[in-house]
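Below you'll find the structure, written out as structure tokens, and then a few comments.
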Amino acid sequence: MDATLPAATPRPAPVPPLVDAPSRPAEAQPSAGPGMPPASPVTAPTTSPVTGPPVSPVAGSAASASPPAQRHLRAVITELRLSAFGPHRAAVFPVGPVTLFAGPSGSGKSQVLAAYEALAALGSGAALEEAFPDARARIPDRAVPDAERRRGFRLGCTVDGPAGPVRLDLAVQAEPALRIVGERLSQDGQILLATALRDPGRRSVQAAWLTGGSVGVTRAPLPDDRLGTALLPLRVAGSTAGQRQVLAAAEQVVVALRSVFPCDPGPDRMRAPVPPGEGRLLRDCANLADVLRRTRHECGTRHALLTEAARTACPGTVAGLDVRAPAGGAPVTAVLDRGPGRPATELARLGSGELRFLALALVLLTGPGVLAMDPAAELPSARQVLTVLADDFDRGLDRRQSAELLRLALLSCGRGHVRLAASVGEATADAARRLPGVAVVDLPA
């Protein structure tokens, strides 16, 4: 028995993996899968497995090779694991400063980013149904329900930072009711937190987390619709070395997950004038004009970089990015300044590609304070890394615009304060493969 547990404490069975369908050859079956390491000093009670068929691991060097070892001074997600999620099975994706997912239609690019976004939402305190509004679409293809007609999915991530690499793994039941049936937080092979569904009739899971000292572990029920890791800072006192290790690991994971900004600019919603507000960019970038009003006055250097990028990506002369903000709280209109003697061009007259470019460039060049997100307030922004998620990153863009956005991504991500995870088309992926500092993950059909 592990030394961290007192000898009299019974060790319950581990959280079960999402096992493969019985038809899978025995030699190909993973014992616990990459999501849940079998060895642990703290384990959780058992529940019935949720089954699903095998999906081949991701092919390609970017998906299979381990990222170079480095010390991360800020909390960042370095690996995403989709043990059984949509079309993915036993898939492990290293995540670097600029990571692009490419592949044919149906290869699961959007599912990868959806998993990333869902983990971020759970880390920010969202309920399970908010993080997975379409949970049934995340069940592995041709998944086989168990005897109680339950099916679900498994996913996880690794967060590196000052506390060292920390793993978070989740098993989620999607049918017949959406709930978390297993969660593990681990570090260096040691399980710091484990939860499992003990009584299906109760809306809670049994949790056990490392305490250390004479107690060994602490057990208590937690909600089955919330991420237990995000609740630990409210439940753990930090009075023992074990508790402090749990807190450091949990807080590192939460900081990384809360620093994620999913962005999907909607050009049709960006054309109309917008009322002045606090100048925080929304996910669909519909209030782009109001944010430009703010950045022009508060972020002169970044606004100048955005103007320079617009000169490259927008046809015609671009002397600057300006706004028309009438007095009295009237709606704000953003325009391209075309230079002396030339009428300005309102955003309403720009093409969809130009609008998406301006929005994405603004996101890459700004920080959490200009984005509608809720980063960890207890940690200075200089010690946090903004991760931008963008599905269909190059949608509607020409080669010149896509190349300029990649240049901006490398510029911003090279400073260590911004990271980008996006799905792209083949043309952008081909161009990105020739750029040092960009990791392209090729998903098979």
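Taking the Cα centre of the stretch 112-247 as origin, work out the dipole magnitude from +1 charges on Lys and Arg Cβ and -1 charges on Asp and Glu Cβ, in debye rounded to 20.
340
Could you state how much accessible area D160 has, in square angstrom rounded to the nearest 10, with a 1.4 Å probe and all protein chains kept in place?
20
How high is the relative contact order of the stretch 323-445, in percent, with contacts defined as C-alpha pairs under 8 Å that are six or more residues apart?
Relative contact order for the stretch 323-445 comes out at 20 percent.
With +1 on each Lys and Arg Cβ and -1 on each Asp and Glu Cβ, how big is the dipole of the stretch 219-295 about its Cα centre, in debye rounded to the nearest 20? The partial results should precede the final answer.
Details: 11 positive and 8 negative charges, 43 e Å.
For the stretch 219-295, the charge dipole is close to 200 debye.
Quote the FRET efficiency, to the nearest 0.05, computed for E148 versus E298 with a Förster distance R0 of 45 Å and r equal to the Cβ-Cβ distance.
Efficiency, rounded to the nearest 0.05: 0.20.
According to the Cα gyration tensor, what semi-axes, each the square root of 5 times an eigenvalue, does the equivalent ellipsoid of the stretch 381-428 have, listed from largest to smallest in whole Å? Please list the in-between numbers first.
Working: eigenvalues 100, 27, 9 Å².
The equivalent ellipsoid of the stretch 381-428 has semi-axes of 22, 12, 7 Å.
Roll a 1.4 angstrom probe over the protein heavy atoms and tell me the percent of accessible area of the stretch 143-199 that is carbon or sulfur.
Values: 830 of 1700 Å².
Answer for the stretch 143-199: carbon and sulfur cover 49 percent of the accessible area.
Mind checking which of S423, G396, P326 is farthest towards the positive end of the stretch 313-426's charge dipole, using Cβ charges of +1 (Lys, Arg) and -1 (Asp, Glu) about the Cα centre?
My answer, from the dipole projection, is P326.
Using amide H atoms built in the peptide plane, which far-off residues or other-chain residues are under 5 Å from H72 H to H?
G161
How much accessible area per residue does the stretch 102-143 have, in Å², with a 1.4 Å probe?
39
Rolling a 1.4 Å sphere over the protein heavy atoms, what is the accessible area per residue of the stretch 200-325, to the nearest Å²?
Spelled out: the 1.4 Å probe surface of the stretch 200-325, per residue, equals 43 Å².
Working out 0.36 nm times the residue gap between R219 and A319, then minus their Cα-Cα distance, what length gain in nm do you get to one decimal?
Extra length available between R219 and A319 comes to 29.7 nm.
So how far apart, in nm, are the two label points at D398 and D430 if each is 7 Å from Cα heading toward Cβ?
Going by the 7 Å Cα→Cβ label model, 1.7 nm.
Out of the total accessible area of the stretch 324-437 (probe 1.4 Å, heavy atoms of protein only), what percent is carbon and sulfur? Write out the running numbers ahead of the final one.
Numbers: 2640 of 4900 Å².
Its accessible area is 54 percent carbon and sulfur atoms.
In whole Hz and in residue order, list the ³J(HN,Hα) couplings for the stretch 173-178 that follow from phi through the Karplus curve 6.51 cos²θ - 1.76 cosθ + 1.60, θ = phi - 60°; x for Gly and Pro.
These are the phi-based 3J(HN,Hα) values: 8, 9, 9, x, 10, 7 Hz.
Suppose every K and R has +1 on its Cβ and every D and E has -1 on its Cβ; what is the size of the dipole of the stretch 308-401 about the Cα centre, in Debye to the nearest 20?
Computed charge dipole of the stretch 308-401: roughly 360 debye.
Taking a ≥ b ≥ c as the square roots of the eigenvalues of the Cα gyration tensor of the stretch 291-445, is the shape rounded (a/c under 1.5), prolate (a/b larger than b/c) or oblate?
Note, shape of the stretch 291-445 comes out oblate.
Classify the stretch 129-174 as rounded, prolate or oblate from the Cα gyration tensor: take a ≥ b ≥ c as the square roots of its eigenvalues, call it rounded if a/c is under 1.5, otherwise prolate when a/b beats b/c and oblate if not.
Prolate, since a/c reaches 1.5 and a/b exceeds b/c.
What ³J(HN,Hα) values, in whole Hz, does the Karplus curve 6.51 cos²θ - 1.76 cosθ + 1.60 give for the stretch 298-312 when θ = phi - 60°, with x put for Gly and Pro?
Residue by residue, the stretch 298-312 yields 9, 10, x, 5, 5, 5, 5, 5, 5, 4, 4, 5, 5, 5, 6 Hz.
Would you please state which residues of the stretch 126-167 a label at R71 would reach in this model, taking the label point 7 Å out along Cα→Cβ and a backbone N cut-off of under 11 Å?
162
Counting DSSP beta bridges with both partners in the stretch 286-445, what percentage is antiparallel, nearest 5?
Here the antiparallel bridges make up roughly 60 percent for the stretch 286-445.
Amide H to amide H, which residues 5 or more places from S204 or on other chains are under 5 Å from it, using H placed in the peptide plane?
When sequence neighbours closer than 5 places are left aside, the close amide H contacts are D224.
With the contact rule set at Cα under 8 Å and sequence spacing of 6 or more, what percent relative contact order holds for the stretch 79-130?
27
For the stretch 388-445, with every protein chain kept in place, what is the accessible area per residue (1.4 Å probe, Å²)?
43
Quote the relative contact order of the stretch 137-276 in percent (integer), defining contacts as alpha-carbon pairs under 8 Å separated by 6+ residues.
16 percent.
The values are calculated or read from the model by the stated rules, or taken from the named source; none is laboratory data. Predicted, not measured: the structure shown is a model, and the values here were computed from it. As a convention, Cβ positions derive from the backbone with ideal geometry for all residues, glycine included, and neighbour counts pool all protein chains shown. The area values use the complete protein model at the heavy-atom level, side chains included, leaving out ligands, DNA and RNA. Shrake-Rupley method; radii C 1.70, N 1.55, O 1.52, S 1.80 Å.
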